[in-house]
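Asker: The structure's right below; bear with me while I get my questions together.
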Amino acid sequence: MSWGELVGAALLGAERRTPPGGSVEALLDAAAVETVRRRAGLRPAPAAPRPEPAPPDPRPPLPPAAARRLSLLLADRPGAGGGRRGTAPDLAELLPQWLAAAGAHGYRAPAEQLPALLDAARARTDLRAGALALGGPRALWLARLNPDWRFALRGRSGRGLGPPEDGGAVRRLWEEGLFAERSALLLSLRRRDPAAARELLAGTWAAERAEDRLMFLDSLREGLSPGDEEFLERALADRSRNVRATAAELLSALPSSALAARMAARARSCVALDRTGRPGRLVVEAPYECDPGMRRDGVVSGAPPGRGERSWWLVQVVEAAPLDTWPEHLGGRTPARITALPVADDWEADLHAAWARAAVRQRNTVWARALLRKPSAPMAAAPGDPAKLLALLPHRERARWAAEFIAAHGLSEAFRVLGVCAVPWAGPLGRAVVDALEIARDAGSYPWSFSGVLGLAERCLDPGEADRLAPLAAVPDEPEDGSPGAGGYWAEAFQRLVATLRLRATMLAELEPPGHGDPAPRPSRDR
């Protein structure tokens, strides 16, 4: 029988028709024979060209213990087993930290682990930067041979290319590449030659799709300068509302731009010192309409549900105005004194929220510090997103503010604040988190409400805190009004935390170069 007849008989099934040969076994035997015959009858095809050899990677190899650790981390699967986490560390959550530490030492990944490393990076975008840095040129070489790893090439488009005038390689990739490749190329070129990247985008701007224009325009945040103003002013007349809004946002981040000056004039007409009854307070006169000029400058006329139009327009105008506008306009006061002024007619929340968004947009540390309430104040009283304001402060100040906040409020609102603090947490911050966890345990509630903070603590506490935490891993006496069995769950959570901290300490020690800590270690540059 022909191959097609055998396949047809198999698909039809023995229950509906007696297979050739009278039995399923005879059908399978015939299929096996036909398979061998078909393979033996194939004509050999011309050999494909051999790939170029993998480029050399001169970086030092991982120490043997660290290489074994990488194998274990890559073999772990997130969520394997399900249910309760138990006391074992979550290796999948430690992999990004391990990659960062290995990259800081300048190691290269073992060649035999590159496929698993690329597979892990394909599945998790948070691993890609660290995995590709560790994989180096050989990981990119492998990625060119496997379509599943194509993501590794997208972030490298444009690297190593000469200037646009050198043969047109950049222009060719820009005109013929996939969107991801073009986006990566634009960002790469923007980092080394912002003007060339802007001109590249301007050359095809009119022919780009609206959604692509939006993404490309967003890449101009990298290296934003007054030289971009003319292009961004033209983008204010774009057909897409989102493109116009992004262009306006970028222009407002340039204090010397014409748009910033226009917004400053509008903002000054809306906010002033009270010249009548109380000179030590601010009065607000929100816009009565959203005129065409405001709309062209990025002010969205339609307010969200439940929001007043005038309040909506005011916030957009003030947040787009340069913060340097206010000290001169308000009698030479500092940002701290300005934010302490009372505001008439319940406009304070809107005005401070707009200033907070302006501080984040303009990366203004002085205004962020002035707008952040004292750590003891409720988070609901803070303007805007306190975590975003906190992220503008230096690391030590950030950790100190977060520690005081947790000491005052506990952990119920600490997750966002902790997420912007440098890792490992500074000593006072780590102690504040541990003390708050102990207080929560002694209150008799279940630890599940604090699972997010516990997860952060596993990754962010200083590993040296493990011995101090060890006594908390014992099952505590349960209070009379506590939740049944809560003490056992807390003991399990602390046991996992201690085990994770000790594992992190071991991982970091394994990454130290051989001979580290000797009386006279040999510098790595001499090797």
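Asker: To the nearest 10 degrees, how steep is helix 427-442 against the longest Cα principal axis of the chain, on a 0 to 90 scale?
Answerer: 80
Asker: Here is a further query. Just need the relative contact order of the stretch 380-512 here, percent rounded to a whole number, with Cα pairs under 8 Å and 6+ apart.
Answerer: Relative contact order comes out at 23 percent.
Asker: Taking the Cα atoms only, what angle lies between the long axis of helix 128-143 and the longest principal axis of the chain, rounded to 10 degrees?
Answerer: Approximately 40 degrees, to the nearest 10.
Asker: What size of dipole, in debye to the nearest 20, comes out for the stretch 7-68 about its Cα centre when the only charges are +1 on Lys and Arg C-beta atoms and -1 on Asp and Glu C-beta atoms?
Answerer: Dipole of the stretch 7-68, to the nearest 20 debye: 160 debye.
Asker: Suppose R0 equals 60 Å; then what is the FRET efficiency for ALA195 and GLU112 from their Cβ-Cβ distance, rounded to the nearest 0.05?
Answerer: 0.85
Asker: Dividing the alpha-carbon Rg of the stretch 380-512 by 2.2 N^0.38 Å yields what?
Answerer: Compared with the compact-globule rule of thumb, the stretch 380-512 sits at 1.08.
Asker: When you count, for each residue, the other Cβ atoms within 10 Å and take the mean per peptide, how do 386-394, 301-309, 496-504 rank with the highest first?
Answerer: 496-504, 386-394, 301-309
Asker: Can you tell me, using C-alpha contacts under 8 Å and at least 6 residues apart, the relative contact order of the chain as a whole percent?
Answerer: 10
Asker: Measure nothing but the geometry: give the 0 to 90° angle between the long axis through the Cα atoms of 486-510 and the longest principal axis through the Cα atoms of the chain, rounded to 10°.
Answerer: 80
Asker: Could you tell me the distance between the Cα centroids of the stretch 189-217 and the stretch 16-44, to the nearest Å?
Answerer: 59
Asker: If you don't mind, another one. Positive end of the dipole of the chain, charges at C-beta (+1 Lys, Arg; -1 Asp, Glu), about the Cα centre: which of SER252, LEU351, LEU501 has its Cα farthest in that direction?
Answerer: SER252
Asker: Can you give the charge dipole size of the stretch 167-254 about its Cα centre, rounded to the nearest 20 debye, using +1 on the beta carbon of Lys and Arg and -1 on the beta carbon of Asp and Glu?
Answerer: In debye, rounded to 20, the stretch 167-254 gives about 100.
Asker: In the stretch 1-66, with Lys and Arg counted as +1 and Asp and Glu as -1 at Cβ, which of these residues, ALA30, PRO55, LEU11, has the Cα nearest the positive end of the dipole, that is, farthest along it?
Answerer: Of the listed residues, the answer is PRO55.
Asker: What ranking of THR276, THR246 comes out by heavy-atom accessible area, probe 1.4 Å, highest first?
Answerer: Most to least solvent-accessible, the answer reads THR276, THR246.
Asker: On to the next question. Report the Rg/Rh value for the stretch 135-274, based on alpha-carbon coordinates and the Kirkwood definition of Rh.
Answerer: With Rh from the inverse mean 1/r over Cα pairs, Rg/Rh is 1.09.
Asker: Contour minus end-to-end for GLU438 and ARG416, with contour as 0.36 nm per residue of separation and end-to-end as the Cα-Cα distance?
Answerer: Contour length minus the Cα-Cα distance gives 5.9 nm.
Asker: What does the charge dipole of the chain about its Cα centre add up to, to the nearest 20 debye, if the Cβ of each Lys and Arg holds +1 and the Cβ of each Asp and Glu holds -1?
Answerer: In total the dipole reaches around 1260 debye.
Asker: Then there's this: Please label the shape of the stretch 1-147 as rounded, prolate or oblate, based on the square roots a ≥ b ≥ c of the eigenvalues of the alpha-carbon gyration tensor (a/c under 1.5 means rounded; beyond that, a/b larger than b/c means prolate, else oblate).
Answerer: Note, shape of the stretch 1-147 comes out oblate.
Asker: A further question follows. Within the stretch 190-272, list the GluC sites (Glu not before Pro) lying in a DSSP loop whose Cβ has at most 14 other Cβ atoms in a 10 Å radius.
Answerer: Loop-located and lightly packed - GLU222.
Asker: Still on this structure, I have one more. If Rh is defined by the Kirkwood formula over all Cα pairs and Rg also comes from Cα, what ratio Rg/Rh do you get for the chain?
Answerer: For the chain, the value is 1.07.
Asker: Another one. Need the C-alpha centroid separation for the stretch 448-467 versus the stretch 270-325, integer Å.
Answerer: The stretch 448-467 and the stretch 270-325 have Cα centres spaced 43 Å from each other.
Asker: Kindly provide the helix-only [θ] at 222 nm of the chain, computed as the sum of -39,500 (n - 2.57) over DSSP H runs of four or more divided by all residues, to the nearest 500 deg cm²/dmol?
Answerer: -16500 deg cm²/dmol
Asker: With point charges of +1 on the Cβ of Lys and Arg and -1 on the Cβ of Asp and Glu, referenced to the Cα centre of the stretch 380-512, which listed residue (GLY410, GLY485, ALA443) lies farthest in the positive direction of the dipole?
Answerer: Positive-most Cα among the choices belongs to GLY410.
Asker: Give the share of C-alpha pairs in each 5 angstrom bin for the stretch 224-337, from 0 to the last occupied bin, in whole percents, shortest bins first.
Answerer: 2, 12, 20, 21, 19, 13, 9, 3, 1, 0
The values are calculated or read from the model by the stated rules, or taken from the named source; none is laboratory data. Just so we're clear, the structure is a prediction, and the values are computed from it rather than from any experiment. Backbone-built Cβ (ideal geometry, glycine too); neighbour counts: all protein chains shown. Keep in mind that these areas ignore ligands, DNA and RNA; they rest on the heavy atoms of the full protein, side chains included. Shrake-Rupley method; radii C 1.70, N 1.55, O 1.52, S 1.80 Å.
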